[in-house]
1. In the range 88-137, how many are under 26 Å from GLU24 (Cα atoms) and basic (Lys, Arg)?
2. When the residues of the range 198-222 are filtered to those that are in contact with a strand residue (DSSP E or B) (Cβ under 7 Å, 6 or more places away or on another chain) and aliphatic (A, V, I, L, M), which remaining residue is surrounded by the most Cβ atoms within 10 Å (Cβ to Cβ)?
3. Give just the number: which of (1) of a type in the set (Val, Ile, Thr); (2) assigned to a loop (DSSP other than H, G, I, E, B); (3) in contact with a Phe, Trp or Tyr (Cβ under 7 Å, 6 or more places away or on another chain) does THR122 not satisfy?
4. Which of (1) over 21 Å from ILE105 (Cα atoms); (2) in contact with a Ser or Thr (Cβ under 9 Å, 6 or more places away or on another chain); (3) buried (at least 20 other Cβ atoms within 10 Å of the Cβ) does ARG141 not meet, given it meets every other one?
5. Residue check: is GLY136 within 18 Å of the chain's Cα centre (by Cα) and over 23 Å from ALA239 (Cβ atoms)?
6. Name the residue, out of ALA175, ALA188, that is within 17 Å of the chain's Cα centre (by Cα) and on the phi < 0 side of the Ramachandran plot.
7. Return yes when VAL140 is outside any loop (DSSP other than H, G, I, E, B), within 19 Å of ARG263 (Cβ to Cβ), modelled with pLDDT of 95 or more and β-branched (Val, Ile, Thr) and no when it is not.
8. May I ask you to list pairs of residues, at least six apart or on different chains, whose Cβ atoms are under 8 Å apart, with the first in the range 143-160 being closer than 14 Å to GLY116 by Cβ and the second being charged (D, E, K, R) and buried (at least 21 other Cβ atoms within 10 Å of the Cβ)?
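The values are calculated or read from the model by the stated rules, or taken from the named source; none is laboratory data. Keep in mind it's a predicted model, so treat the numbers as computed, not measured. When we count neighbours, we look across all protein chains shown, and the Cβ atoms used for this are built from the backbone with ideal geometry, even at glycine.
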Amino acid sequence: MEYTKIIVDEPLPLVRRITLNRPEKRNPLSNELRTQMFHALEDSDTNPDVRVTIIRGAGSCFSAGYDLASNVSKEQPFYTAGGLANWPRHVVEGFFHMWDMAKPIIAQVHGYCLAGGTELATACDLVYVADDAKIGYPVVRSISPPDNQFYPWIVGLRRAMELMLTGDHMSGLEAVECGFANRAFSEAELEENVLRIAERVAKTPSDLQQINKRAVHRQMDAMGIRAGIRAGTEMQQLATYTATTQAHLAELRAGLTAALSKRDAEFGDYRTGDKKS
């Protein structure tokens, strides 16, 4: 496959890196980009010369979310049954596809990590962030809860509820504090430290490492994570039928930038300026 929306390189022995490469648009996750990303991840998972994969974003951020200018129901990277809730079910299937891969995946997050960007980061096994990253799901203000109901599982009840009811973002430091991320570094030192950690992860052979990874996920399975997250897909679909969502979708069709700025103006964050504590 020819990669036009991502860059794939190998910065260290046994370490592969995928760079989301649409920096002019803040790396929106179109189905074309996701198709290439999943292809690269699957290739890494079957390549004996790769033991760990890093996902990062080019330019100013990791990813500002799904590509709202595209039709996400078309040309999805893998088949998901159609009908109601096709998209959130498709996203959740992608999340667990990454979880079920044999080899560890590391998210290297800087700048904006929003909406679909947060869903991608949480699908990774390890998450390392810039201390001033902006991590959030502003879509709850105007469309729906996440396609993938990860917040309660990752950050706990109270923090999840606050994030869901405000759409506010966390800094990288706050993301570490609540368990969304493993560690935070200054943006200037983030890549160096992620490579250092990836090198350590790669020291363990893949035949054993896949069992180490699976052992953790089996415990999450026993606590009901798969059933819980899958149940959330219908909640996401239900929200799209509200009057608020229908009005916002009409605004998006009329003009993406204006609609998103209107959504966040009252909160004073994201596109409309950093929110002051």
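1. 1
2. Among those residues, the one meeting the criterion is ALA198.
3. Evaluating THR122 over (1) of a type in the set (Val, Ile, Thr); (2) assigned to a loop (DSSP other than H, G, I, E, B); (3) in contact with a Phe, Trp or Tyr (Cβ under 7 Å, 6 or more places away or on another chain) leaves (2) as the failure.
4. Unmet for ARG141, out of (1) over 21 Å from ILE105 (Cα atoms); (2) in contact with a Ser or Thr (Cβ under 9 Å, 6 or more places away or on another chain); (3) buried (at least 20 other Cβ atoms within 10 Å of the Cβ): (3).
5. Details: within 18 Å of the chain's Cα centre (by Cα): yes; over 23 Å from ALA239 (Cβ atoms): no.
It is false that GLY136 is within 18 Å of the chain's Cα centre (by Cα) and over 23 Å from ALA239 (Cβ atoms).
6. Values: ALA188 fails: within 17 Å of the chain's Cα centre (by Cα).
Step by step, each of ALA175, ALA188 is checked, and only ALA175 is within 17 Å of the chain's Cα centre (by Cα) and on the phi < 0 side of the Ramachandran plot.
7. Working: outside any loop (DSSP other than H, G, I, E, B): yes; within 19 Å of ARG263 (Cβ to Cβ): yes; modelled with pLDDT of 95 or more: yes; β-branched (Val, Ile, Thr): yes.
Considered against the rule, which asks whether it is outside any loop (DSSP other than H, G, I, E, B), within 19 Å of ARG263 (Cβ to Cβ), modelled with pLDDT of 95 or more and β-branched (Val, Ile, Thr), VAL140 comes out as yes.
8. That search, which allows pairs on different chains as well, returns PRO146/GLU119; ASP147/GLU119; ASN148/GLU119; PHE150/GLU119.
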